[in-house]
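Data first, discussion second: the structure below is written as C-alpha cells.
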Amino acid sequence: MGIGCSLGKEDHRMELELVDYSLEELRWGERTALNRKSLSISVTDLAKQIEELSRGICIDYRLARPGESTRIVHVLDTVLPIAKSTGSSLTFPGFDGPAELVGTGRTTRITNLLVTVAGRFPHPELMTPIEKPREGIIDMAGVGAPYSYGSDYFHLVLSLTADSSVSNASFDQSLRPIALRCARFLAQAEKTGGEPERNTVALNQVEERLPKVVLLYQVQSQLACARTFYYGEEVSRTLPTFVHPAEFFDGALVSGNYKSERKIPTSLHCNNPFIAELLERHGKAMNFLGVILSRGYNDSFEQKRKMGLWVARLARNLGADGAVALMEGTGNGTVDFMQTVKACEDEGIKTVAVLHESNGPKGYERPLVDHPNEADSMISRGNVSEKIYIPPLATVIGGADIDLHLKATHDPRLPFLFDPTIFFGSYGKMGSSGFRAVYQN
Amino acid sequence: MVKVLHYLNQFFAGIGGEEKAGQELLFIPGPVGAGAVIENELKGHGVEYATIACGDNYFHEEEEKAIRAMGAALEQFQPDVFLAGPAFNAGRYGLACAKVCSWVRDNWRIPAITGMHEDNPGTKEVGRHVFVIQTGASAAAMRESLKRYTLLVERLLAGNETAVENFRAEHCLSIPRRFTVRSGAPDYVRAVNLLLTKLNGQPYESEIPRVEAKRHPIPNLTGSLTDATVALVTEGGLVPKGNPDRLESSRGSRYFKYLLNGREDLRRGEFEAMHTGYDTSTVDQDPDRIVPLDAMRVLEKARRFKKLHDYYFVTTGTGAMPSKMEEIGAGIAEELASSGIGAVILTAT
Amino acid sequence: MVLITCLSNVAAQVGIGRIMGGSKFHYPVGQPELPPEEELRWRVGLMEKGLTALETPVQEPKIF
C-alpha cells in the first residue's frame, strides 16, 4: 500500500501539494504583495503582525539579494515562507496555537526567500559558555558565499535588539514566533500574475524489487540555545521516531539551535535536499520509506549506544535495506552518530554517512573524532578547519562587530583570515556546494 | 620590478653559528648568502631583493614576536614572492621555514617557497599551497637547491600554471594532507549514489578514510601505589573564579596549574569552568565533580597512595586540534615527571 | 594514567591504556542527583576504581 496510506481509504493517502512561487525581485512597498516574480513588502504590515510578540525588542528590517556584496551578521535562524492554503492546521505546528498534524493538504511556498532573524542576546554574561550563541555570518557574494547557507536566497532580515528588561529566555522564546509568523505572512501575500509551480510530496507504492531506504536524521537537542523542536516540543530526551517527509515540508521541525556553523536552520529542515533527492529517486532506483528522526548529544556512552540501537531497530522494523545518515553538530554528537551507523550495519542495513572533516588548518589531523570500522562508506563535506582569506563586502547588515568565537572581535567591514566555522550553516552548505576533502600535496 | 623577500636563519645569514641562535628577527635590505646567488640568477627580471634573518632559537621561543616583526617587514617591503631556506636536514630551521611560509601564504597570498630534505620535521608544519622543494640532506646540496628555487620563481613570474604544476610534480616533496576541493556533485547526490552502489553489491570506496592514531607505549606502574604521588589533570577548563590566566573556553592554547595544597575540597564560587563543550552549570555548583579533590583526600588519608600532588593541571580541549593538545600534554607530562609524579587521574568531557 | 570520560570509545581509538566511563558527559565524576554525603561516597568509590586501574598492567586500551 505504501507508507502513509490508510487501508481501504484512498482519500486518506498522505499527500502534500506544494504551490511554489519564486522571486526575481524583492523590495519595500506600501503593500505586501507578490506580482509575478516581484515581491513588495510593507514594514507596517510586518510590524503589525509581530507587535504582540516583540515587546521590549527593537527590530531593524533589511533586505538582501543573492549576488549582492552584502554580509549579514549575528544570524540566529532562517525560515522559509510557507503557509497552509487548506484546512485548519498551521505550518510550523506547535508555535502560535495548539498543534495540528501537518503533511497533507496544500501548502504555499516562496521557495527562494528566507526570513532571517539575527541579533545578540540581551544578557550574554548570564549564560554558561556552552549556552552562548556562536557568531554566524552570511556572505551573499564572493569567497564566503559557497560556505554561507542562504547565500543563494533573497532575505528579509529581522535584526533584533532587546532592551535590558528582556531576559535571555524571553528573547529565545520570542525570536522564534516572530520569524515564523513573518514567514507565514509572506507566504500568504496576495499574488497576481504568473502561475506557480505545483509539486506533490507522497510516498507512492513502488515495485517490490526496489531496495528500501530510510534517511537517518540526527538533530542536536541538548540544552537551551542548542535544541530542536518537533511540533513545538523539544526533542531533548526522546526516542527516535518515524517522520513522513511531507511533515518536514510543512515545518514540523523548528530549530532552536544557535551553534551557528553546525546547525540545521529551520528553512533547511523545511526544504532539505537529502529528502528532495530521495523523493526524486523514489520509485525509480529505490523505495524511500521516510525519515527516522533521532537525537544526538546523549549524556553517556551507554545512552549514545542505545540511541544507535533504537534507530537501527526502528529501521529494521520498517524493513529498510539501506540508509543515508546525516547529523547536526560535531564533536560529542559524532559519537551518537557513529554508534547509529555501527548499529545499522550490525542489523544488516547498509549505511552511507555524510560528515564534515576536521583535518586542521594544515591538513595533518585525523579527519574524524570517532570512526568505527563499520563506517566504511563516508561522504565528505570538506575540511572545516582550513583557513580562508575572507575579503570585505560592500554592505554589512546587523552589527558593527563580529565575535570570532569568543577569541576576539572583528570589524566585519575589514578582511580577515578564518575557517568556515564563521559562516552560518556552513557544515551543511559545504556539503550542498559540493565540497569534499581529498589527499593533496 | 619584482620584489623577493628571503628568510634565512642566523647561520645562513652569516651572523653566526649556534651561539647566535637567539638572534632577534631583523630585516636586511638586499640579498645575503644564498639570496645573492638567486638574485644573480634572476637579474634579467628586474628584481629587488631583501632578506630576513632570524635565529632558530629566537623563532621557536618567541614565535609570536617573530611573526609580528616579519609582518611589519612585509608591510614595509611589499614582496611579490617569499622564499625561506633551504633548510636541508636542520630541524629547527626547517620548522621555522615551514611556519613562516605558511603564515605568509595565508596572510599575504603571495607564492611562498621553501626547501628541505624529506626527513626534516618541518614537513609536518607546511600549510596548503606552500612549495617545498626537495633538497639533499646537507648544505652540500646548496647549489642544486638554489637552481631549483630560481627555476620555480621564473616559472611563477612567467605566470605559466602548467609549468608550475610540472615543477611541483618533479621537484617538490610529496606531503599528502587532506584539503577541501570542489567536487562535481553535492553531498546528497553522492550519498544516494554511493548507497545504491553498496546495495547493488558493487565495489565502493569511502570518501573519508579511517586514519589510525599514532600509538604510544602504555606505561605500567613500577613499584607500589603506596609509594607514589598522584596528580589530577583535567581537560574540563576548571580555573579559579575570575579566570586569572585567561584560559580560553575552547581550543586552549596553553595549560595552567593551580594549588590544591591546603584544600580538602573545591568550593562553589571559588572556581569556575571555562568550557563551551559541556554544560558547566553542574560542576560550577561543586567543582569536585570535574576535579575530584574531596574523594582523593579521603583516599590519601587512608594511605591508598602516598600523596596527592600540590597542583592540578588544566586546559580546555573542545574544538582543539589534536596536535596542539599533544603539545600541551607533553608539557604537562614533563612537569609532572620532573616533580616525581608516579600516576595521573585525568578527567575529560 | 587513567582517563575518566564519557567518550570512552574515542579514547580507545586513540590508544589510551586505562579508560573509565565516569558518570555523565557534563559531570564525569559527579552525581548531582544524590545528597552530598552519598555523592562523596560514590566519588570515593570511583576514585578507588581508578587507583585499582592504575595498578593494573595493560598492554592495549582497556575500559575499566
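Of A:Pro122, A:Pro146, A:Phe95, whose Cα points farthest to the positive end of the dipole of segment A:84-196 (charges on the beta-carbon: +1 Lys, Arg; -1 Asp, Glu; origin at the Cα centre)?
A:Phe95
For A:Phe154, enumerate residues with amide H under 5 Å from its amide H, sequence gap 5+ or separate chain, H modeled in the peptide plane.
Amide H neighbours of A:Phe154, under 5 Å, 5+ apart: A:Leu113, A:Leu114.
Within a 10 angstrom radius of each residue's Cβ in A:274-282, how many Cβ atoms of other chains show up on average? Whole number is fine.
Across the residues of A:274-282, the mean count of other-chain Cβ atoms within 10 Å is 3.
So which lysines pass the test for B:Lys65, namely a Cα distance under 23 Å, with those fewer than 8 places away in the same chain ruled out?
A:Lys362, A:Lys387, A:Lys407, B:Lys20, B:Lys99, B:Lys124, B:Lys324
Can you find, among B:Ala343, B:Ile218, B:Asn9, the residue sitting farthest towards the positive end of the charge dipole of chain B, where Lys and Arg contribute +1 and Asp and Glu -1 at Cβ?
Result: B:Ile218, furthest along the dipole toward the positive end.
Counting other beta carbons within 10 Å of each Cβ, put A:Lys362, B:Lys306 in order, fewest first.
By the 10 Å Cβ count, ascending, the order reads B:Lys306, A:Lys362.
About its Cα centre, what dipole magnitude does chain A give when the only charges are +1 on Lys and Arg Cβ and -1 on Asp and Glu Cβ, stated in debye to the nearest 20?
Using Cβ point charges on Lys, Arg, Asp and Glu, chain A gives about 200 debye.
For A:Phe424, what charge total do you get from the other residues with a beta carbon under 12 Å from its beta carbon, if Lys and Arg give +1 and Asp and Glu give -1?
+2
Can you tell me how segment B:20-113 classifies by the Cα gyration tensor, rounded, prolate or oblate, using a/c under 1.5 as the rounded cut?
prolate
May I ask you to evaluate 6.51 cos²θ - 1.76 cosθ + 1.60, the Karplus curve with θ = phi - 60°, for each residue of segment B:253-258 and list the ³J(HN,Hα) values in order in whole Hz, giving x for glycine and proline?
Computed from phi, the couplings for segment B:253-258 are 9, 8, 10, 9, 10, 10 Hz.
How do A:Val117, C:Val14 line up, fewest other C-beta atoms within 10 Å first?
C:Val14, A:Val117
If the cut-off is a Cα-Cα distance under 25 Å, which lysines reach A:Lys304, setting aside same-chain residues fewer than 8 apart in sequence?
List returned: A:Lys132, A:Lys259, A:Lys263, A:Lys342, A:Lys350, C:Lys24, C:Lys49, C:Lys62.
Express in whole angstrom the spacing between the alpha-carbon centres of segment A:132-165 and segment B:23-68.
Comparing the Cα centres of segment A:132-165 and segment B:23-68, I get a distance of 43 Å.
Please give the average number of partner chain Cβ atoms lying within 10 Å of the Cβ of each residue in B:289-298, rounded to a whole number.
Mean partner-chain Cβ count within 10 Å for B:289-298: 6.
Name the shape class, rounded, prolate or oblate, that the alpha-carbon gyration tensor gives for segment B:27-81, where a ≥ b ≥ c are the square roots of its eigenvalues, rounded holds for a/c under 1.5, and otherwise prolate holds if a/b is larger than b/c and oblate otherwise.
Judged from the Cα gyration tensor, segment B:27-81 comes out oblate (a/c at least 1.5, b/c at or above a/b).
For the charge dipole of segment B:61-116, defined by +1 on Lys and Arg C-beta atoms and -1 on Asp and Glu C-beta atoms about the Cα centroid, which residue among B:Val104, B:Phe77, B:Thr114 has the Cα displaced farthest towards the positive pole?
B:Thr114
What is the distance in Å between the Cα centres of segment A:271-302 and segment A:33-82?
Taking the Cα centre of each part, segment A:271-302 and segment A:33-82 sit 31 Å apart.
So how do A:Val115, A:Val438, A:Val235 line up by other beta-carbon neighbours within 10 Å, fewest first?
Final ranking by Cβ density, sparse to dense: A:Val438, A:Val235, A:Val115.
Give, as a single signed number, the net charge of other residues whose beta carbon lies under 13 Å from the beta carbon of B:Ser253, with Lys and Arg counted +1 and Asp and Glu -1.
My count for the surroundings of B:Ser253 gives 0.
Among A:Phe229, A:Phe249, A:Phe301, which one shows the biggest mean-square fluctuation in a GNM of chain A, springs joining Cα atoms closer than 10 Å?
A:Phe301
Tally Lys/Arg at +1 and Asp/Glu at -1 over every other residue whose Cβ is under 12 Å from the Cβ of B:Arg105; what's the total?
Charge balance near B:Arg105 sits at +4.
I need the phi-derived Karplus couplings for segment A:358-374: 6.51 cos²θ - 1.76 cosθ + 1.60, θ = phi - 60°, integer Hz, Gly and Pro marked x.
Going residue by residue, I get 10, 7, x, x, 10, x, 8, 6, 5, x, 10, 4, 9, 8, x, 4, 5 Hz, with x marking Gly and Pro.
If you count, for every residue in C:45-53, the Cβ atoms of partner chains within 10 Å of its Cβ, what is the mean?
Partner-chain Cβ atoms within 10 Å, mean over residues of C:45-53: 5.
Given 0.36 nm per residue, what is the gain on full extension from B:Ile218 to B:Glu154 after removing their alpha carbon distance, in nm?
Here the segment from B:Ile218 to B:Glu154 would lengthen by 17.9 nm.
Of the trypsin sites (Lys or Arg not before Pro) in segment B:178-248, which ones lie in a loop per DSSP and count no more than 15 other C-beta atoms within 10 Å?
In loop regions of segment B:178-248 (DSSP not H, G, I, E or B), the sparsely surrounded trypsin sites (Lys or Arg not before Pro) are B:Arg210, B:Lys214, B:Arg215, B:Lys241, B:Arg246.
Would you mind checking which residues have amide H under 5 Å from A:Asp77's amide H? H placed 1.01 Å from N; only 5 or more apart, or other chain.
The list, which skips near neighbours in sequence, is A:Val117.
Just in segment B:83-171: which trypsin sites (Lys or Arg not before Pro) are loop by DSSP and have at most 14 other Cβ atoms within 10 Å?
When the trypsin sites (Lys or Arg not before Pro) of segment B:83-171 are filtered for loop state and at most 14 Cβ neighbours within 10 Å, B:Arg109 remain.
Non-local amide H neighbours of A:Leu417 (under 5 Å, H modeled in plane, Pro and chain starts lacking H): which ones?
A:Ile390
State the Cα centre-to-centre distance between segment A:235-267 and segment A:326-403 in whole Å.
So the two Cα centres are separated by 18 Å.
Which value, in debye to the nearest 20, describes the size of the charge dipole of the protein assembly as shown about its Cα centre when Lys and Arg Cβ atoms bear +1, Asp and Glu Cβ atoms bear -1, and nothing else is charged?
Using Cβ point charges on Lys, Arg, Asp and Glu, the protein assembly as shown gives about 660 debye.
In whole Hz, what ³J(HN,Hα) sequence does segment B:85-93 give by Karplus (6.51, -1.76, 1.60; θ = phi - 60°), x for Gly and Pro?
Karplus-based 3J(HN,Hα) across segment B:85-93 equals x, x, 9, 6, 10, 6, x, 5, 5 Hz.
Under the rule that an exposed site lies in a DSSP loop and has at most 15 other Cβ atoms within 10 Å, name the longest stretch of chain B with no GluC sites (Glu not before Pro) of that kind, not counting the sites themselves.
Of all site-free stretches, the longest is B:25-117.
Classify chain B: rounded, prolate or oblate, from the alpha-carbon gyration tensor (a ≥ b ≥ c, eigenvalue square roots; a/c under 1.5 rounded; otherwise prolate if a/b is larger than b/c)?
prolate
Since every read-out is calculated from the coordinates, none of them should be taken as a lab result. Small disclaimer: the values here were computed from a predicted structure and weren't measured. In this analysis, Cβ positions are derived from the backbone assuming ideal geometry, glycine residues included, and neighbour counts consider all displayed protein chains.
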